[in-house]
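Notes to accompany the following structure.
The values are calculated or read from the model by the stated rules, or taken from the named source; none is laboratory data. Values in this document were obtained by computation on a predicted structure and should not be read as measured data. A quick note on method: Cβ atoms are made from the backbone with ideal geometry, for glycine too, and the neighbour counts reach across all protein chains shown.
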Amino acid sequence: MNAYIELLQQAHEKQWCIQEFCTTCGSMEFRNAATALGHQEGNQLVASLASLDLSELYRFPKWHNALYLSLYCIDKAEDMDTVLTSWLPLLDSHIRIADLVLFYFVRRGALFAPMSIEVLEQWRDACIDLAVRTHDESLVESLICTEGRYYSDYPELVEVVQGMVERGSSVITKALRRNGVVT
């Protein structure tokens, strides 16, 4: 079994807190276990995330919180690049994962998130392509938050955004306003 899935199973069985911003415990049991996995020979956190069958995540109720916390334990750009590059070809079937990584990591930029500019751009471009094909509201919102006014540099994305606004999407309208884009 994949070491990361074993970690999720252990967290589930022991009922560890995996809230993203827990002010009571900081999700320290889970974060310490994820960090320890990263310190095992060959960085098992990175290796197990890179080889993960992403569909396996969905068996766990708060998989998105756990994934956020686990990715946050990765502090080297080359390690994050390894994980994200392995997931790029799988994004069509995993929009929520694409969205999570885009919003919480790519949006921060290469200076503040451990990833290369090349992988950051590949992830952003893959998310734009996915949003254009699927019109997924949350992913489009994350792209607006990530790109801000520069979202207009992507004509196909602009077309999708305009269509969503015309159909009355309050989520997209609010995202545009929050990010200083006039609708």
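Quick notes on this one:
- Among the residues of the stretch 24-31, some residue qualifies, meaning at least one is among the basic types (Lys, Arg) and surrounded by 15 or more Cβ atoms within 10 Å (Cβ to Cβ).
- If the condition is being more than 17 Å from the chain's Cα centre (by Cα), surrounded by fewer than 19 Cβ atoms within 10 Å (Cβ to Cβ) and aliphatic (A, V, I, L, M), then the stretch 34-78 contributes only Ala36.
- Among the criteria (1) among the charged types (D, E, K, R); (2) at pLDDT below 95; (3) touching a helix residue (DSSP H, G or I) at 6+ places or on another chain (Cβ under 6 Å), the one Arg108 does not fulfil is (3).
- Test: Glu56 is at pLDDT below 95, of a type in the set (Asp, Glu) and either in a helix (DSSP H, G or I) or over 24 Å from Leu111 (Cβ atoms) (or both): no
- Verdict on Tyr4 being in a helix (DSSP H, G or I), in contact with an Asp or Glu (Cβ under 6 Å, 6 or more places away or on another chain) and touching a residue at least 40 places away in the same chain (Cβ under 8 Å): no
- Checked against the criterion of being at positive phi, without any contact (Cβ under 8 Å) to a residue 60 or more places away in the chain, out of contact with any Cys (no Cβ under 6 Å at 6 or more places or on another chain) and not assigned by TED's automatic domain parsing to the domain that holds Ala126, the candidates Gln9, Gln40, Gln15, Gln19 yield just one match: Gln15.
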